[in-house]
Amino acid sequence: MLYGSISHWRKQLTAGQITPTELVQELARITDAKNPGINAYISYNTDAALAAAAKADLSQPLGGIPIAVKDNICMQGEPTRCASKMLHNFVSPYDATAVTKLKAAGAIPFGRANMDEFAMGSAGQNSAYGHTENPAAPGHVPGGSSSGSAAAVAGGMAIAALGSDTGGSIRQPASHCGIVGMKPTYGRISRYGLVAFASSLDQIGPLTQNVEDAALLLNALCGHDAKDSTSSTHATEDFTAKLGQSIAGVRIGLPKEYLSSGNSPQVTAAINLAVQKLTELGAEIVEVSLPHSEAVVAAYYIIACAEASSNLSRFDGIRYGYRAENTNGLDDLYSRSRAEGFGAEVKRRIILGTYVLSSGFYDAYYAKAQKVRALVAQDFANAFDKVDFILGPVAPTAAPLLHDTNMSPLQVYLADIYTIPANLAGLPGISIPTPQEGALPIGIQLLGKHFAEADLLRVASALENALS
Amino acid sequence: MDTPQIDVAYIAKLAKLDLTAEETERFSADLNRILGYVAQLGEWDTTGVEPMYHPLPVFDAVRTDTAEQSLSNEAALANAPAEEDGQFRVPKVVESAH
């Protein structure tokens, strides 16, 4: 099994107890056995990973460590399908910067992790390549949209994985699968080579077995990239440096709006336990208010769908992607290629986005949503005047049952209420698991100030230790 | 904010999506419910608030103007559904005059 953190396997590798080739062989053996049942990977290329393993540089910080990569992050020479029929035949002509950086740190990118199509979904059920199972909660969804990344780590089919988070797509599946998931500050990690969903919200981040691994991956991934004009020039640092330090005196805000009666008793208990442990560690828990919390889902779906309708206009059946057959002229080629290539949720969001951007509705929806977004960001700025971090749920409930068709799209969207704000405001957030003996996994979320990842990881690590 | 009924057939045309009748009907119901929900944004007072189009201020981010290697013609065409003579092949765009 591949349970065991990056540092565990690094020690094994550098001590010569296992070679990178043996590690990849073990990974491939487990994946061959388990992937048909879990469907965490859409594809994986064992030969390419073995070739990389043979040349692995163990002197690098991630030397010899295979890392799973979500199917919307380009890996040169490998399919990047975004779990869509639209990109079934697409092979990446280049590496995403995040993949280039993984390789530079000695890691071995392995596998194309399943996901909700074009990252649109929160259950791992909107994939043209079949749904993903939750290895930590059989019969329940793994969450999404980074469903395969979370399931691969939780199922022992990856040591760690990359995902992307537009409205919670790293943190929520991490919560549902009982692992750690982190969305860094907007701009921390280059989006070059990440297939765009909503460009002002998208961020790449790690899904890992513990907090230290998330810090190790941030060390490899962060930094300005001239190929992404929105990537930050903020100085990077050693994100492991503060792990293990005391959190006594740290002020942690608990937004009263996040203690809603809509949370399941299990989620409420997890929050209460986290509050107790943080208090025992010397942190001060302070009630704060985020008054616009009720507005975030509405603002988010307008902004995300508007940006998606624009970004996904590139799929035209001409330069790459699916092309319908027997079409009658250019317009018919566009419209039928897109209709046949995209799945239902993608079409639904493109239509919503096109509508809110269309003449006569732009101010009422899109401009209004961006103003409300400013108010949401201001709520956080006000709260961070009083506290250093914010604690809250990741999702109102544990993972829903698979194949639950009773939920309308709107009901599904509403469950994103606690993860969306970090994307709207560009803040870093991390989901860490709570102990749930025999019950479904539940993560709790910590949010920090812009670029405060090192301190956020320090608090997350202290809480992780106290909970284990 | 009023919640106008969305004309999905018209919007699908703008979005270049050739929907089936069944999809048009289903999305109309879904989207009208979603638009009914997002209408609540109108209740928040945003007088004098500047729209926030981006989470962090980024101004004039341009890379240095130096020539770099770009994709080869072959690589750029490798994913094309149809190509001919090193170019993307598309249907006839200009209708012939009658």
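The values are calculated or read from the model by the stated rules, or taken from the named source; none is laboratory data. Note that the structure is predicted; figures quoted are calculated from it, not measured. Neighbour counts are summed over all protein chains in view; Cβ atoms, including those assigned to glycine, are modelled from backbone coordinates with ideal geometry. The area values use the complete protein model at the heavy-atom level, side chains included, leaving out ligands, DNA and RNA. Shrake-Rupley method; radii C 1.70, N 1.55, O 1.52, S 1.80 Å.
Which order, highest average first, do A:153-160, A:33-40, B:50-57 follow once you tally other Cβ atoms within 10 Å for each residue and take the mean per peptide?
On the way: A:153-160: 27.6, A:33-40: 17.9, B:50-57: 14.9.
Order by mean packing, descending: A:153-160, A:33-40, B:50-57.
Relative to the compact-globule scaling 2.2 N^0.38 Å, provide the ratio for the alpha-carbon radius of gyration of the stretch A:6-221.
0.90
Rolling a 1.4 angstrom probe over the protein chains, ignoring ligands and nucleic acids, what is the accessible area of A:Ile271 in square angstrom, nearest 10?
For A:Ile271, the solvent-accessible surface is approximately 10 Å².
Give me the number: length gained by fully extending A:Thr397 to A:Gln378, i.e. 0.36 nm times residue separation minus the C-alpha to C-alpha distance, one decimal in nm.
Full-extension gain reported as 4.1 nm.
Counting only other chains, what is the mean number of Cβ atoms within 10 angstrom of the Cβ of each residue in peptide B:78-85?
5
Straight distance only, please: which lysines reach the Cα of A:Lys103 with their own Cα at less than 16 Å, same-chain residues fewer than 8 apart left out?
Here the lysines satisfying the reach criterion relative to A:Lys103 are A:Lys55, A:Lys70.
In the stretch B:48-70, what residues drop by 20 Å² or more in accessible surface going from the chain by itself to the full protein assembly, probe 1.4 Å?
B:Val49, B:Pro51, B:Met52, B:Tyr53, B:His54, B:Pro55, B:Leu56, B:Val58, B:Ala61, B:Arg63
How big is the Cα convex hull of the stretch A:179-288 in projection, averaged over all directions, in nm²?
9.0
Could you report the buried accessible area between A and B, both sides summed, computed with a 1.4 Å probe and given in Å² to the nearest 100?
For chain A against chain B, roughly 5200 Å² becomes buried.
Computed from the mean reciprocal separation of all distinct C-alpha pairs, what Kirkwood hydrodynamic radius does the stretch A:100-253 have, in Å?
15.9
List the residue ranges in chain A for DSSP H helices whose C-alpha atoms run 18 angstrom or more along the long axis and whose Kyte-Doolittle average is -1.0 or above.
Flagged H segments are A:20-38, A:265-280, A:296-311, A:344-357, A:368-386, A:453-467.
Sort A:Phe384, B:Phe27 from largest to smallest accessible area, using a 1.4 Å probe on the heavy atoms of the protein chains.
Numbers: A:Phe384 25, B:Phe27 0 Å².
Descending accessible area places them as A:Phe384, B:Phe27.
Peptide B:15-26: average number of partner chain Cβ atoms within 10 Å per residue?
Values: counts 16, 15, 13, 11, 5, 1, 0, 0, 5, 1, 0, 2.
Across B:15-26, the average partner-chain Cβ count within 10 Å equals 6.
Give me the residues in the stretch A:87-113 whose solvent-accessible area, probe 1.4 Å, is reduced by at least 20 Å² once all protein chains are included instead of the chain isolated.
A:Pro93
Just how much of A:Ser293 is accessible, in Å², when a 1.4 Å probe is used and the result is rounded to the nearest 10?
For A:Ser293, the solvent-accessible surface is approximately 10 Å².
Using the Cα atoms as the points, what is the convex hull volume per residue of the stretch A:8-131 in Å³? Could you put the intermediate results ahead of the total?
Details: hull volume 13.2 nm³, N = 124.
Convex hull of Cα atoms, per residue: 107 Å³.
Could you give the accessible area per residue of the stretch A:308-454, probe 1.4 Å, as a whole number in Å²?
34
Assuming R0 = 51 Å, can you tell me the calculated FRET efficiency for the pair A:Gln25 and B:Asp65, based on Cβ-Cβ distance, to the nearest 0.05?
Calculated transfer efficiency: 0.60.
Between B:Glu74 and A:Ser260, with labels modelled 7 Å along Cα→Cβ, what's the label distance in nm to one decimal, could you check?
Going from the B:Glu74 label point to the A:Ser260 one covers 5.6 nm.
Short version: what are the Cα gyration tensor semi-axes of chain B, square root of 5 times each eigenvalue, largest first, in whole Å?
Over the Cα atoms of chain B, the semi-axes work out to 39, 30, 13 Å.
Could you state the accessible area per residue of the stretch A:6-221 in Å², with a 1.4 Å probe and every protein chain left in place?
Computed with neighbouring chains in place, this is 25 Å² per residue.
Using protein chains only and a probe of 1.4 angstrom, how many square angstrom of A:Val346 are accessible, to the nearest 10?
0
In the structure shown, do any of A:Lys227/B:Lys16; A:Lys101/A:Lys227; A:Lys11/A:Lys34; A:Lys371/B:Lys13; A:Lys242/A:Lys386; A:Lys277/A:Lys449 have a Cα-Cα gap over 20 Å, and if so which?
A:Lys227/B:Lys16; A:Lys11/A:Lys34; A:Lys371/B:Lys13; A:Lys242/A:Lys386; A:Lys277/A:Lys449
Return the carbon/sulfur percentage of the accessible area of the protein assembly as shown, one whole number, probe 1.4 Å, all protein chains in place.
50
As an exercise, find the ratio Rg/Rh for the stretch A:292-339 from alpha-carbon atoms, using the Kirkwood inverse-distance average for Rh. Numbers along the way, then the final one.
Values: Rg = 15.6 Å, Rh = 12.5 Å.
Taking Rh as the inverse mean 1/r over Cα pairs, Rg/Rh reads 1.24.
Take the alpha-carbon centre of the stretch A:265-337, take the same for the stretch A:125-157, and report the distance between them in whole Å.
A separation of 18 Å, based on Cα centres.
Could you check the spin-label model distance between A:Ser468 and A:Asn272? Points 7 Å from the Cα along Cα→Cβ, value in nm.
Distance between label points: 2.6 nm.
Computed on alpha carbon atoms, what radius of gyration and Dmax characterise the protein assembly as shown, expressed in Å?
Radius of gyration, then largest Cα-Cα span, for the protein assembly as shown: 23.0, 85 Å.
Within a 10 angstrom radius of each residue's Cβ in A:369-376, how many Cβ atoms of other chains show up on average? Whole number is fine.
Values: counts 5, 7, 10, 8, 7, 6, 5, 2.
Across A:369-376, the average partner-chain Cβ count within 10 Å equals 6.
Once the principal axes of the Cα atoms of the stretch A:370-468 are found, what is the range along each, listed largest first in whole angstroms?
Projected onto the principal axes, the Cα atoms of the stretch A:370-468 cover 42, 40, 17 Å.
Can you tell me the 0 to 90 degree angle between the C-alpha axis of helix B:21-38 and the longest principal axis of chain B, rounded to 10?
The answer is roughly 50 degrees.
To the nearest 0.05, what FRET efficiency results for A:Asp32 and B:Asn32 with a Förster distance of 41 Å applied to their C-beta separation?
After rounding, the FRET efficiency stands at 0.30.
Averaging sequence separations of C-alpha pairs under 8 Å and six or more residues apart, then dividing by the length of chain A, give the relative contact order as a whole percent.
Reported relative contact order: 17 percent.
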